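See structure below.
The values are calculated or read from the model by the stated rules, or taken from the named source; none is laboratory data. Just so we're clear, the structure is a prediction, and the values are computed from it rather than from any experiment. Virtual Cβ from ideal backbone geometry, glycine too; neighbours counted across all protein chains shown.
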Amino acid sequence: MTDIQDAVAPTAEAETHARVARKIDIVVIGAGQAGLSSAYHLSRLGLSPQMQYVVIDRSPQPGGAWQFRWPSLTLSTVNGIHDLPGMKFAEAVDTSKGEVHAAVAVPQYYGAYEKAFGLPVRRPVVVKVVCERGERFRVETDAGVYAARGIINATGTWEAPYIPSYPGADLFKGRQLHTKDYQTAGEFAGQHVLIVGGGISAIQLLDEISQVTSTTWVTREAPAFRDAPFTPEVGRAAVAMVEDRVRRGLPPGSVVSVTGIPVTPAILAARARGALDRQPMFAELIEHGVRWPDGREQDVDVILWSTGFRSALDHLAPLQLRNADGGILMTGRLATQVARDPRLHLVGYGPSASTIGANRAGGAAARELAEHLHLL
């Protein structure tokens with residue numbers, strides 16, 4: 001680690017007892033793919049020797065949200081893991097010896113990446129709130145306070161699971177959990193599981209659970225399966241559509257909702273055994289299950305809400321970034337710059353929320369922020 005990086009990574013004890021905010025140029029919040037990509041580009045921009053930046057991560061070890069994924073998610077079933085800039089995944093992880101669990105492999109890769117490039121990551125540090133203080137942001141953490149000239153926020157979505165509100169939710173006597181809480185299908189053996197959601201994760205979990213117990217699958221809209229190959233052109237087109245939304249200040253939506261769900265051998269097998277017989281959304285929860293608008297009822301022991309995530313931006317609430325529609329008006333080369341305040345970039349929001357766009361967005365955010373702060 002360089003002298004500059006050592007200088008911006010004091011001990012947690014020293015920061016906890018600091019009475020004043022430590023002045024620093026840039027704080028990167030989050031050390032998942034978007035945060036590490038941003039940090040890599042910051043370290044290689046040829047910045048002023050006096051420039052200081054730090055990466056703050058709330059997780060106990062490298063790996064971002066991947067370290068918390070369910071054990072059965074392997075590199076062959078995951079939707080996609082993209083190489084970080086400057087180091088290929090295969091350079092850090094040996095995939096030649098059978099199935100590799102994503103929750104093990106990705107943290108191994110990210111840890112090797114942080115070490116290889118000497119990235120100044122501090123963990124576990126939780127950002128509590130970010131406020132404006134004149135020409136700087138006040139970044140309050142559980143390990144001290146920073147006064148930053150600029151911020152690259154890369155907190156992703158894992159910490160903000162979304163469960164929609166439905167009538168009767170407080171009446172249902174069974175178990176409710178979110179995708180974030182899922183571990184293994186075996187824990188549901190002998191129970192009837194209702195799975196809510198039409199995304200890739202919902203279908204992966206439906207496939208697993210339906211092999212050990214009875215299931216019902218419900219979605220708000222009929223899921224769109226994609227039989228055609230997922231090409232780079234398809235990915236770019238999907239990212240472009242989400243980017244257009246955030247440039248108009250609209251809530252971003254998901255990239256997957258645009259691309260559709262690729263039909264895999266596992267999906268074909270689930271379809272053949274009837275697990276993909278989708279039901280429309282129920283109207284309400286009742287004590288022993290759910291009821292549809294036509295009066296039909298289904299007894300349910302467990303409801304698994306695979307209903308996605310929202311951007312984890314609560315710590316930025318004092319900045320009042322959202323408009324009346326709930327979106328944030330974005331600008332910049334790859335729509336990472338907050339139009340209201342160019343000192344703030346959101347990487348992992350909107351078009352960069354997918355691994356398809358996180359790396360390029362990290363590079364664009366690093367350069368644009370450095371230019372704005374006159375660090376180049």
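Hey, can you tell me all the residues within the stretch 352-376 that are in contact (Cβ under 8 Å) with a residue 60 or more places away in the chain and outside any helix (DSSP H, G or I)? Let's see the steps before the verdict.
Looking only at the stretch 352-376, we keep the residues that are in contact (Cβ under 8 Å) with a residue 60 or more places away in the chain, and these are 352-359, 361-363, 365-367, 369-370, 372-373, 375-376.
Hits for the stretch 352-376 are Ala353, Ser354, Thr355, Ile356, Gly357, Leu373, Leu375, Leu376.
When you scan the stretch 247-283, how many residues do you find that are under 18 Å from Gly350 (Cα atoms), aliphatic (A, V, I, L, M) and in a helix (DSSP H, G or I)?
Going residue by residue through the stretch 247-283, those that are under 18 Å from Gly350 (Cα atoms) are 247-260.
From what's left, aliphatic (A, V, I, L, M): 250, 255-256, 258.
Narrowing the set further to residues that are in a helix (DSSP H, G or I) leaves 256, 258.
Going through the stretch 247-283 one residue at a time, the tally reaches 2.
Strands (runs of 3 or more DSSP E) wholly in the stretch 143-246 with at least 2 residues that are under 23 Å from Leu268 (Cβ atoms) - which ones?
Numbers: elements: 144-153, 175-178, 193-196, 215-219.
The qualifying strands (runs of 3 or more DSSP E) are 193-196, 215-219.
Could you grab me the full set of residues in the stretch 210-220 that are under 21 Å from Ala169 (Cβ atoms) and either surrounded by fewer than 17 Cβ atoms within 10 Å (Cβ to Cβ) or of a type in the set (A, V, I, L, M) (or both)?
Initially, the stretch 210-220 is screened for residues under 21 Å from Ala169 (Cβ atoms), giving 215-220.
Answer for the stretch 210-220, where residues must be under 21 Å from Ala169 (Cβ atoms) and either surrounded by fewer than 17 Cβ atoms within 10 Å (Cβ to Cβ) or of a type in the set (A, V, I, L, M) (or both): Val218, Arg220.
Where the second residue is surrounded by 20 or more Cβ atoms within 10 Å (Cβ to Cβ) and the first is without any contact (Cβ under 8 Å) to a residue 12 or more places away in the chain and lies in the stretch 199-227, which pairs have Cβ atoms under 7 Å and are six or more apart or on separate chains?
So the pair list comes out empty.
Which one is surrounded by the most Cβ atoms within 10 Å (Cβ to Cβ), of the residues in the stretch 125-142 that are in contact (Cβ under 8 Å) with a residue 12 or more places away in the chain and not in a strand (DSSP E or B)? Lay out the reasoning, then the answer.
Our first condition is that a residue be in contact (Cβ under 8 Å) with a residue 12 or more places away in the chain; within the stretch 125-142, this holds for 125-133, 135-142.
Checking the rest, the ones that are also not in a strand (DSSP E or B) come to 125-126, 135, 142.
Details: Val125: 19, Val126: 15, Glu135: 8, Asp142: 13.
The extreme case among them is Val125.
Identify, from the list Gly253, Gly274, the residue that is surrounded by fewer than 18 Cβ atoms within 10 Å (Cβ to Cβ) and under 19 Å from the mean Cα position of the chain (by Cα).
On the way: Gly274 fails: under 19 Å from the mean Cα position of the chain (by Cα).
Gly253 is the lone residue from the list that is surrounded by fewer than 18 Cβ atoms within 10 Å (Cβ to Cβ) and under 19 Å from the mean Cα position of the chain (by Cα).
Here are Pro164, Pro232: which of them is surrounded by fewer than 17 Cβ atoms within 10 Å (Cβ to Cβ) and closer than 24 Å to Leu346 by Cα?
On the way: Pro164 fails: closer than 24 Å to Leu346 by Cα.
Only one candidate passes the filter, namely Pro232.
Test Ala154 against the criterion of being in contact with a strand residue (DSSP E or B) (Cβ under 9 Å, 6 or more places away or on another chain), surrounded by fewer than 16 Cβ atoms within 10 Å (Cβ to Cβ) and either over 28 Å from Leu321 (Cβ atoms) or not assigned by TED's automatic domain parsing to the domain that holds Asp301 (or both), and give yes or no. Talk me through it step by step, then tell me what you get.
Details: in contact with a strand residue (DSSP E or B) (Cβ under 9 Å, 6 or more places away or on another chain): yes; surrounded by fewer than 16 Cβ atoms within 10 Å (Cβ to Cβ): no; either over 28 Å from Leu321 (Cβ atoms) or not assigned by TED's automatic domain parsing to the domain that holds Asp301 (or both): yes.
For Ala154, the condition - in contact with a strand residue (DSSP E or B) (Cβ under 9 Å, 6 or more places away or on another chain), surrounded by fewer than 16 Cβ atoms within 10 Å (Cβ to Cβ) and either over 28 Å from Leu321 (Cβ atoms) or not assigned by TED's automatic domain parsing to the domain that holds Asp301 (or both) - is not met.
Out of the residues in the stretch 335-351 that are in a loop (DSSP other than H, G, I, E, B) and under 15 Å from Arg248 (Cβ atoms), which is modelled with the lowest pLDDT? Walk me through it before giving the result.
First, pick out the residues of the stretch 335-351 that are in a loop (DSSP other than H, G, I, E, B): 335-336, 339-343, 347-349.
Keeping just the survivors that are under 15 Å from Arg248 (Cβ atoms) gives 335, 339-340, 349.
Numbers: Ala335: 95, Ala339: 97, Arg340: 96, Tyr349: 92.
Among them, the one singled out is Tyr349.
From the list Glu284, Glu297, exactly one residue is at pLDDT 90 or above and either among the hydroxyl-bearing types (Ser, Thr, Tyr) or touching a His at 6+ places or on another chain (Cβ under 9 Å) (or both). Which is it? I'd like the intermediate steps shown before the answer.
Numbers: Glu284 fails: either among the hydroxyl-bearing types (Ser, Thr, Tyr) or touching a His at 6+ places or on another chain (Cβ under 9 Å) (or both).
Only one candidate passes the filter, namely Glu297.
Give the residue that is surrounded by the fewest Cβ atoms within 10 Å (Cβ to Cβ), with candidates limited to residues of the stretch 300-334 that are among the acidic types (Asp, Glu) and in a loop (DSSP other than H, G, I, E, B).
From the stretch 300-334, those among the acidic types (Asp, Glu) are 301, 314, 325; that's our starting set.
The next check asks that each one be in a loop (DSSP other than H, G, I, E, B); those that pass are 301, 325.
On the way: Asp301: 17, Asp325: 11.
Only one residue tops the list, namely Asp325.
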